[in-house]
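Okay, so here's the structure we're looking at.
The values are calculated or read from the model by the stated rules, or taken from the named source; none is laboratory data. This is a predicted model, so every value here is computed, not measured. Note that each Cβ is placed from the backbone with ideal geometry, even for glycine, and that neighbours are counted across all protein chains shown. What goes into the accessible areas is simple: the full protein's heavy atoms, side chains included, and nothing from ligands, DNA or RNA. Shrake-Rupley method; radii C 1.70, N 1.55, O 1.52, S 1.80 Å.
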Amino acid sequence: MRMRAAGTAVLGALALSVLAVPAAQAADDHRGDTKISNVVVNGGKPVVVGATGSKTITVSFTATDDSGISWAQAILYHGKDIEHSDSGAVANTSDKRSVCTKVSATKANCKATYTLTARKNLINEVAGGWKVWAIAQGKDTDYTKKENAKTFQAQRLAKLTADASPEPVAKGKTLTVTGGLTRANWNGGTYAGYTGQSVKLQFRKQGASGYTTLKTVKSDSKGRLKTTVKATADGSYRFSFAGTSTTSAVSSAGDLVDVK
């Protein structure tokens, strides 16, 4: 409820700022030749936030109009549309319009920064796909408004460990590799086991440049990992998780094993 109220306040403030242009509401709208393109969120990378942390990101886009660009603004949100965003809406850090730099008589590059914070505008239920609501107005009062100018992923930070034993080990003998996959719990400010996830066991022979996948194992009900392999040569073992739409990719540090 608190997050929804915050979003309503943001939209109300925007409604006062846009003058003759329609306020933040669902559905695209436009008048004239104003366009928005090249929307980039966080350099094109997912926004990954830890259990108690925050992440400040940049959202940039290009706005064009035959008369030049007067102003532009973007809002981040999660949900069906901005009017029904289930986590409210996130305005930029200065709570003002985007900063637009003139490129030519008809084009401007616009950008602003936004902060996503665990237990504030990030809760577990809104991990995954977010959207960018954007609006731009030309100097001739033409405008364009996009309900979903760009989608991006807001992900819970994952952590992964690996430990191979015994060390050292005789060649041909069995190694047991254990570890754990956890991810940020934005609701509780802690990390908890990520259950039922496919994780790759990988090996890098000493002196080699990269890891090779040996097998895939699944995390148990507490996020724990356990498997066995035959020791063949000196090298490092690690677990690697590809990530999901809600959770970041991660690889553990390699555990170097001496094979006798």
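Restricting to segment 48-133, compute how many DSSP beta bridges are antiparallel as a %, nearest 5.
Percent antiparallel among DSSP bridges in segment 48-133 is about 90.
Please tell me which of these pairs span more than 20 angstrom C-alpha to C-alpha: LYS171/LYS205; LYS150/LYS200; LYS35/LYS107; LYS173/LYS205; LYS80/LYS107; LYS35/LYS146?
Those over the limit are LYS150/LYS200; LYS80/LYS107.
Evaluate the relative contact order of the chain (contact order divided by residue number), counting alpha-carbon pairs under 8 angstrom at least 6 apart; express in whole percent.
In percent, rounded to a whole number, it is 19.
Give the label of the value calculated from the structure for Cα extents along the principal axes in Å, choosing from [x] 51, 37, 32; [y] 78, 41, 25; [z] 71, 66, 32.
The value computed from this structure is option [y].
Ratio of Rg to Rh for segment 123-260, alpha carbon only, Kirkwood?
Reported Rg/Rh (Cα atoms, Kirkwood Rh): 1.23.
Need one number: nm distance between label points at ALA105 and LYS205, each 7 Å from Cα along Cα→Cβ, rounded to one decimal.
Output for this residue pair reads 6.6 nm.
In whole Hz and in residue order, list the ³J(HN,Hα) couplings for segment 48-62 that follow from phi through the Karplus curve 6.51 cos²θ - 1.76 cosθ + 1.60, θ = phi - 60°; x for Gly and Pro.
10, 10, x, 5, 10, x, 9, 9, 9, 10, 10, 10, 10, 7, 9
Where Lys and Arg each count +1 and Asp and Glu each count -1, what net charge lies around LEU160 among other residues with Cβ under 10 Å from its Cβ?
+3
On full extension of the chain, what length is gained from THR176 through ASP220, given 0.36 nm per residue of separation minus the C-alpha to C-alpha distance?
Full-extension gain reported as 14.2 nm.
Between THR161 and SER94, what FRET efficiency follows from the Cβ-Cβ distance if R0 is 35 Å, with the result rounded to 0.05?
Working from the Cβ atoms, E equals 0.30.
Thinking of segment 33-117 as a set of Cα atoms, what percent of all their pairs are more than 18 Å apart?
That fraction is 49 percent.
So, taking all protein chains as they sit and a 1.4 Å probe, how much accessible area belongs to ARG119, in Å² rounded to tens?
ARG119 exposes around 130 Å² with every protein chain in place.
Using a Förster distance of 51 Å, how high is the FRET efficiency between SER54 and LYS260, based on the Cβ-Cβ distance and rounded to 0.05?
Working from the Cβ atoms, E equals 0.60.
Over the chain, with every protein chain in place, what whole percent of the accessible area is carbon and sulfur at 1.4 Å, could you tell me?
Looking at the chain in its full context, I get 50 percent from C and S.
Quick one: check the C-alpha center-to-center distance for segment 68-90 versus segment 162-180, whole angstrom.
Between the Cα centres of segment 68-90 and segment 162-180 lies a distance of 51 Å.
Helix-derived [θ] at 222 nm for the chain: sum -39500 (n - 2.57) over DSSP H runs of at least 4, divide by residue count, nearest 500?
-2000 deg cm²/dmol
Work out the length of the dipole vector of the chain about its Cα centre, built from +1 on the beta-carbon of each Lys and Arg and -1 on the beta-carbon of each Asp and Glu, and round it to the nearest 20 debye.
The dipole of the chain has a size of about 1040 debye.
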